[in-house]
1. For q values of 0.11, 0.18, 0.19, 0.21 Å⁻¹, compute log₁₀ I(q)/I(0) with the Debye formula on a Cα-only model of the range 1-148, without solvent.
2. Please report the carbon-and-sulfur percent of the accessible area for the range 176-332; probe 1.4 Å, protein heavy atoms only, DNA, RNA and ligands left out.
3. Taking the Cα centre of the range 2-173 as origin and charging only Cβ (+1 Lys, Arg; -1 Asp, Glu), how large is the dipole, in debye to the nearest 20?
4. Rg and Dmax of the range 253-332 over Cα atoms: what are they, in angstrom?
5. With +1 on the Cβ of every Lys and Arg and -1 on the Cβ of every Asp and Glu, and nothing else charged, how large is the dipole of the chain about its Cα centre, in debye rounded to the nearest 20?
6. Of the accessible area of the range 2-173, with the probe set at 1.4 angstrom, what percent is carbon plus sulfur?
7. What are the ³J(HN,Hα) couplings of the range 143-157, residue after residue, when phi is run through the Karplus curve with 6.51, -1.76, 1.60 and θ = phi - 60°? Round to Hz, x for glycine and proline.
8. Can you list which of the trypsin sites (Lys or Arg not before Pro) found in the range 4-113 are DSSP loop residues with at most 15 other C-beta atoms within 10 Å?
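The values are calculated or read from the model by the stated rules, or taken from the named source; none is laboratory data. The structure presented is a predicted model; accordingly, all values stated were derived computationally and were not measured. Reconstructed Cβ throughout: ideal geometry from the backbone, glycine too, with neighbour counts over all protein chains shown. Side chains included, ligands, DNA and RNA excluded: accessible areas come from the protein's heavy atoms. Shrake-Rupley method; radii C 1.70, N 1.55, O 1.52, S 1.80 Å.
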Amino acid sequence: MITTGICRAHTNIALIKYWGKRSEALFLPMNSSLSLTLDAFYTDTKVSLDDRLTDDVFYLNGRLQGAKETAKISRFLDLFRRTAASSTRARIDSYNHVPTAAGLASSASAFAALAGAANEAFGLRLDKQTLSTYARRGSGSATRSLYGGFVEWHKGQDEQSGSSYAIPVDDADWDIGMIIIAVNTGKKAISSREGMKRTVDTSPFYPAWVTTAETDLQQMKQAIAERDFTRLGEITESNGMKMHGTMLGAVPPFSYWEPDSIRAIQKITQIRCNGTPCYVTMDAGPNVKVLCRYSDSERIKEELLTEFSSQQIIVSRPGPGIKVLSEAEWQY
Ligand code: DP6
């Protein structure tokens, strides 16, 4: 017998970053974070439970994946098998809708979609908040992709897995946009997992990151409640810069920035000085993301075209939370 579950999840970009774990085994973060879910990038995943299978099989964008990738997915599905008291293996089909130039191969949308599809396939009916604690065990940032708009991921107060989950903060339907400037789409040398561990273990700047991230989060939630875009942007830019600062203090030091990242940051600063509010944030890679008013996004894009090609610039609106799809909606 085959039982299926299908789910779509959008990726998210953190405005208050998650950087550092207090438990690597449970993916419990050192600090709470807050993100914006994006409309332009998503993953569709189908989990087909099949009692004839002896091992999980994993296809990504139509290609059968190797032992290492499959083992990661199997371990993740084990969390659902345990809850469902099931030992049934699955075929997993996953499709990433990320413009190839964007360089946002996102584990956030991947694990959120897989969590949603597994929840359906195993018939668990876990609510979204609980499901976010499962998504977290695949990749921390996936916790936030359960919901649309602005989303907070609570760090949690104890060492129990259930205490660290996501909650929706605001649906962001008030003239909010994000522009991705794809500087380099190649694979990064240091994964976020490795980078954050080295920072926690060795950077003397790290304790300051943890304390100020909490204040940044409180102030950002207030800015969102007041729909104060300027304040929202200022906190976003400052929080992202601080995260990158912690890496320069690590031993050995490292940075994800490339010359074109700095070129993009300078251009955005110039556009802002000329009167259009827009603010940068960067993750564990060289690409630059720009928080802006959606109504300003085409004008900002025009200005960026003096420095970058049109394929390097992708504009997105805020996106929705996870959505269960029917077989009829599975288009592959
Ligand atoms: C810089 O979620 O990719 O993008 O939990 O180890 O899988 P793991 O890390 P991941 O880290 C994301 C780090 C970040 C900031 C953020 O998204 O909050």
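1. The calculated log intensity ratios at q = 0.11, 0.18, 0.19, 0.21 Å⁻¹ are -0.39, -1.04, -1.15, -1.36.
2. 53 percent
3. Details: 20 positive and 18 negative charges, 95 e Å.
Value, rounded to 20: 460 debye.
4. Every Cα atom of the range 253-332 included, Rg and Dmax give 16.2, 50 Å.
5. 720 debye
6. Working: 3060 of 6580 Å².
C and S fraction of accessible area: 47 percent.
7. 3, 7, 7, 5, 10, x, x, 7, 9, 9, 10, 5, 5, x, 9
8. R52
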